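All remarks here apply to the structure that follows.
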2 protein chains.
Amino acid sequence: MGKPLILVSNDDGITSKGIRVLVEIMGELGDVVVVAPDSPQSGMGHAITVGNTLRLTETDIFSEVKAYKCSGTPADCVKLAKHHVLKDKKPDLVVSGINHGSNTSISVLYSGTMSAAIEGAIEDMPAVGFSLCDYSADADFSHITEHVKFIAGQVLKNGLQKGVALNVNFPPKQNESIKGIKICRQARAKWQEEFDQRYDPHGQRYFWMAGNFVNFDKGEDNDEWAIANNYVSVVPCQFDMTAHHAISILNNDWEI
Amino acid sequence: MGKPLILVSNDDGITSKGIRVLVEIMGELGDVVVVAPDSPQSGMGHAITVGNTLRLTETDIFSEVKAYKCSGTPADCVKLAKHHVLKDKKPDLVVSGINHGSNTSISVLYSGTMSAAIEGAIEDMPAVGFSLCDYSADADFSHITEHVKFIAGQVLKNGLQKGVALNVNFPPKQNESIKGIKICRQARAKWQEEFDQRYDPHGQRYFWMAGNFVNFDKGEDNDEWAIANNYVSVVPCQFDMTAHHAISILNNDWEI
């Protein structure tokens with residue numbers, strides 16, 4: 001049996017530190033192919049490029065590792081990897097990240113990192129999105145490399161349920177070591193936006209989106225609690241958006 | 001009691017026919033404010049603009065109706081509407097569309113139309129995304145206006161459960177009238193992509209994403225079945241992506 005085939009993508013772009021760290025760790029587990037955006041794609045959610053063209057260019061940025069930069073979104077990268085770059089060789093694992101910044105709670109919806117992983121799940125490939133809750137471009141990943149390797153190893157060994165991708169978040173480096181891994185649900189929290197209104201040199205108005213993260217969740221079984229308490233959070237995610245509990249209520253309310 | 005306040009957005013852009021039809025119908029139900037993208041945003045998923053600036057400009061495109069065009073994504077539009085345009089006046093209803101094209105099944109993830117509605121649900125406002133399964137720019141909406149009005153009216157009257165937004169799809173105009181409304185779950189289906197490889201005038205390679213929709217779902221309680229059988233499909237959607245059933249399985253498999 002050959003080494004497992006591991007597809008790596010991200011949303012911070014192919015030159016970010018996080019993907020370099022991830023490629024290195026995955027190299028210890030299998031044969032790596034990288035298809036990642038040629039520019040930062042943070043906040044792209046599950047965007048895909050339908051009304052425009054896509055570029056895909058081989059690059060030697062990871063020396064020995066086969067790598068391609070793509071002009072599209074993280075979801076585009078996984079689609080192009082599967083249907084064009086890898087063709088009939090289905091990856092044994094898709095990993096995305098390591099994101100510079102948190103993707104806990106509601107951020108899973110806005111996250112380009114997780115859209116690559118969810119795209120893996122849609123295509124029936126075990127997939128994991130990794131994020132470090134540290135936004136700095138030169139973030140310290142040294143405290144999480146063993147955890148990343150453990151989690152990827154577990155997924156390679158045990159697989160994942162059909163249609164499930166993992167959203168893994170790591171606390172930033174602290175004096176104390178990480179306490180362990182918690183399997184969590186997505187916390188009930190949201191961003192409370194504020195729009196910073198400014199004027200350009202031509203006197204025209206523009207805005208920057210800003211705001212604060214607000215956590216409404218008092219539970220201890222969610223990803224926000226895990227990160228706040230120096231645990232790794234692992235949320236299994238799926239892509240059925242149906243609010244199944246609401247179906248019978250609507251049938252009653254609407255009398256149909 | 002005053003008329004309800006209705007926020008209208010979309011993803012095809014503020015000049016599309018679908019939003020014009022929607023603004024007209026909503027005008028019969030309440031006071032309308034429009035905040036919609038200044039250009040097409042199809043396939044934008046739940047993208048938001050975090051690394052760039054946003055423009056917001058008032059426009060008289062809908063004559064009597066207060067309307068703003070925005071340089072951002074559908075999700076940006078709803079955020080800007082809530083936190084800047086409407087400030088403390090919370091809309092009684094958020095509607096998005098009417099999209100030119102289907103947003104059934106897995107397309108809910110890629111859909112800008114639905115991201116505006118989901119954003120409404122995140123902000124605790126009853127929200128509906130409307131899509132017509134007809135991609136043409138001059139699509140005929142005449143067979144669905146009464147249904148759009150009925151559904152919006154029901155939501156205004158009964159509200160929606162906290163955290164729920166509706167994904168409403170309509171069959172294209174046919175000889176036979178629409179048979180009725182079905183409350184559905186999201187069908188198990190996906191896009192089978194193909195990438196059409198071409199070369200630009202400078203000899204550089206590029207791709208167009210193309211492909212076919214593949215339905216794996218044999219059930220009759222899903223949105224694909226409803227549309228195929230000339231019913232309106234209404235899928236209640238939520239934004240907890242957690243695969244709750246997988247939590248105990250992971251705890252067992254990983255022995256943590």
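The values are calculated or read from the model by the stated rules, or taken from the named source; none is laboratory data. No experiment lies behind these values; they were computed from the predicted model shown. We place every Cβ from the backbone using ideal geometry, glycine too, and count neighbours over all the protein chains shown. Remember, those area values only see protein heavy atoms, side chains included, never the ligands or the DNA or RNA. Shrake-Rupley method; radii C 1.70, N 1.55, O 1.52, S 1.80 Å.
Yes or no, residue by residue, for (1) modelled with pLDDT under 95; (2) more than 25 Å from residue A:228 (Cα to Cα):
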residue	(1), (2)
A:51	yes, yes
A:57	no, yes
A:70	no, yes
A:93	no, yes
A:97	no, no
A:101	no, no
A:111	yes, no
A:117	no, no
A:121	no, yes
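So that you can scan it fast, the table gives a plain yes or no per residue for (1) more than 7 Å from every other protein chain (Cβ to nearest Cβ); (2) over 23 Å from residue B:74 (Cβ atoms); (3) touching a residue at least 40 places away in the same chain (Cβ under 8 Å):
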residue: A:170; (1), (2), (3): yes, yes, yes
residue: A:176; (1), (2), (3): yes, yes, yes
residue: A:183; (1), (2), (3): no, yes, yes
residue: A:195; (1), (2), (3): no, no, no
residue: A:237; (1), (2), (3): no, no, yes
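Give me a count of the residues in segment A:184-206 that are of a type outside the set (Asp, Glu) and either open to solvent by less than 20 Å² (accessible area, probe 1.4 Å) or under 21 Å from residue B:162 (Cβ atoms) (or both). Break it down stepwise before answering.
Here is the first cut: in segment A:184-206, the ones of a type outside the set (Asp, Glu) are A:184-192, A:195, A:197-199, A:201-206.
Right, trim to either open to solvent by less than 20 Å² (accessible area, probe 1.4 Å) or under 21 Å from residue B:162 (Cβ atoms) (or both) and you get A:184-192.
Residues in segment A:184-206 being of a type outside the set (Asp, Glu) and either open to solvent by less than 20 Å² (accessible area, probe 1.4 Å) or under 21 Å from residue B:162 (Cβ atoms) (or both): 9 in total.
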Is it the case that segment B:136-149 has a residue that's within 9 Å of chain A (Cβ to nearest Cβ), touching a strand residue (DSSP E or B) at 6+ places or on another chain (Cβ under 7 Å) and either at pLDDT below 95 or within 22 Å of residue B:92 (Cβ to Cβ) (or both)?
-> no
Residues (without any contact (Cβ under 8 Å) to a residue 60 or more places away in the chain and either assigned to a loop (DSSP other than H, G, I, E, B) or surrounded by 23 or more Cβ atoms within 10 Å (Cβ to Cβ) (or both)) located in segment A:1-22 | A:1, A:2, A:3, A:13, A:14, A:15
Just wondering, is there one or more residues in segment A:207-214 that are within 8 Å of another protein chain (Cβ to nearest Cβ), open to solvent by 40 Å² or more (accessible area, probe 1.4 Å) and within 22 Å of residue B:82 (Cα to Cα)?
-> yes
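Filter the strands (runs of 3 or more DSSP E) completely within segment B:168-251 down to those with at least 3 residues that are of a type outside the set (A, V, I, L, M, F, W, C) and over 22 Å from the mean Cα position of the chain (by Cα). Steps first, please.
Working: elements: B:181-183, B:189-199, B:205-215, B:232-237.
Answer list for segment B:168-251: B:189-199.
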Here the residues within segment A:32-86 that are in a loop (DSSP other than H, G, I, E, B), more than 7 Å from every other protein chain (Cβ to nearest Cβ), open to solvent by 10 Å² or more (accessible area, probe 1.4 Å) and in contact with a Pro (Cβ under 9 Å, 6 or more places away or on another chain) are A:41, A:71
Given the conditions (1) more than 30 Å from residue A:104 (Cβ to Cβ); (2) exposed (fewer than 14 other Cβ atoms within 10 Å of the Cβ); (3) at the interface with another protein chain (Cβ under 10 Å from one of its Cβ atoms), which single one is not true for residue B:244?
-> (1)
Report, by residue number, each residue of segment B:136-161 that is surrounded by fewer than 16 Cβ atoms within 10 Å (Cβ to Cβ) and among the aromatic types (Phe, Trp, Tyr).
-> B:150
